Structures are given as structure tokens and as C-alpha cells.
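Notes for the one structure printed next.
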Amino acid sequence: MLNLNVNGRTRSVDVEPEMPLLWVLRGELNLPGTKYGCGAGLCGACTVHVNGEATRSCAMPVSEAAGKKIVTIEGLSEKGLHRVQKAWIEHEVPQCGYCQSGMMMATAALLAKNPKPTDADIDSGITNLCRCGTYARVRKAIHALAEGNAAIAAKKA
């Protein structure tokens, strides 16, 4: 039996320790927002936060996640939509939408570390793949979020 902290709740699961975290989230904990894409940690559709870091859950054994804080797209905001989700809607980022939960999780982690990323920061920090090619809209949404961060910081100063 493993204890996991998922979206602020302690959850116990009786699974093999080498089972990928992705399958535990989707199959055992009924959190389907994290998607299966490639199964090799390359595409990023399965991105979640583990201790605040964007992590490819398909490549992480659940035993490595035990004792760490895991956040999925379902737990990104406690009340309503997270500001990244709102920016995705405002800038019409999704096309098919399949990769977008992972893309939003990677974006939230990037902005938590770097509130005003450059294009180069976005390119190196968001390595998720999108078969629909929404990269320009992703970048536009991230820059809009960064401008909002700058405005908030200016008000505090």
C-alpha cells in the first residue's frame, strides 16, 4: 500500500510500486485529466506537478511519487479555473485539446519559477508536443500571463 498526496488529499493505493504514476492517477484515482500520449515521457501529455516540478507521469514509477506533493490538472486551482486555464480560453489555445492539460501544467510550473519568461525560456521550459501546432497561441497566452504577473508586481511596489 502506497500513500500519495494528490491535489492536497492523502490517497492510499494498492498497486505495484513500478506502475507508472499516470496509470495510478487515471485508473486507480479516477483523475482522467492527465492524458496518455507516448508512454515514454517524450510528448508531455501526461505532465503533472511533483513537488512543484513539471513531471512526465508516464515515466515515473508511483513509488517515486510516494511522500511527494502531486498536483494534476484537476487540482491546479482550488476554486474555478486557474489563471493559466483562463488564458488558454481567452487566447483560444486548444484545437483538439488532447495535449493541453499537460501543456497547461508545464506552463504553470514555468511561470511559478520564471514569472516573465522570454521566448527562449518558453522554448526550453515547455517541451510538450502538440500535433495540432498550437505553439504560437501557447506562446501568446504565456506572454499575456507574464504581463499580468508584471502588472501585479508593479501594484505591490
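The values are calculated or read from the model by the stated rules, or taken from the named source; none is laboratory data. Remember, it's a predicted structure, so these values are computed and weren't measured experimentally. Positions of Cβ are backbone-derived with ideal geometry, glycine not excepted, and every protein chain shown enters the neighbour counts.
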Exactly one condition in (1) surrounded by fewer than 17 Cβ atoms within 10 Å (Cβ to Cβ); (2) on the phi < 0 side of the Ramachandran plot is false for residue 52; which is it? (2)
Could you tell me which numbered condition residue 41 fails, if it satisfies all but one of (1) in contact with a Lys or Arg (Cβ under 9 Å, 6 or more places away or on another chain); (2) exposed (fewer than 15 other Cβ atoms within 10 Å of the Cβ); (3) small (Gly, Ala, Ser)? (2)
Would you confirm, using the coordinates I've provided, whether residue 62 is in contact with a Leu (Cβ under 7 Å, 6 or more places away or on another chain), crowded, with 22+ Cβ neighbours inside 10 Å, β-branched (Val, Ile, Thr) and more than 18 Å from residue 131 (Cα to Cα)? yes
Unique residue being hydroxyl-bearing (Ser, Thr, Tyr) and closer than 26 Å to residue 147 by Cα when the list is 34, 55: 55
Kindly list, by first and then second residue, each pair from a residue in segment 43-57 that is over 14 Å from residue 129 (Cβ atoms) to a residue that is at pLDDT below 95 and surrounded by 24 or more Cβ atoms within 10 Å (Cβ to Cβ), limited to pairs with Cβ atoms under 6 Å and residues at least 6 apart or on different chains. none
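Take segment 26-82 and flag every residue that is among the charged types (D, E, K, R) and under 17 Å from residue 16 (Cα atoms). So that I can check it myself, show each step before the final result.
Here is the first cut: in segment 26-82, the residues among the charged types (D, E, K, R) are 26, 28, 35, 53, 56, 64, 68-69, 74, 78-79.
Within segment 26-82, 26, 28, 64 qualify.
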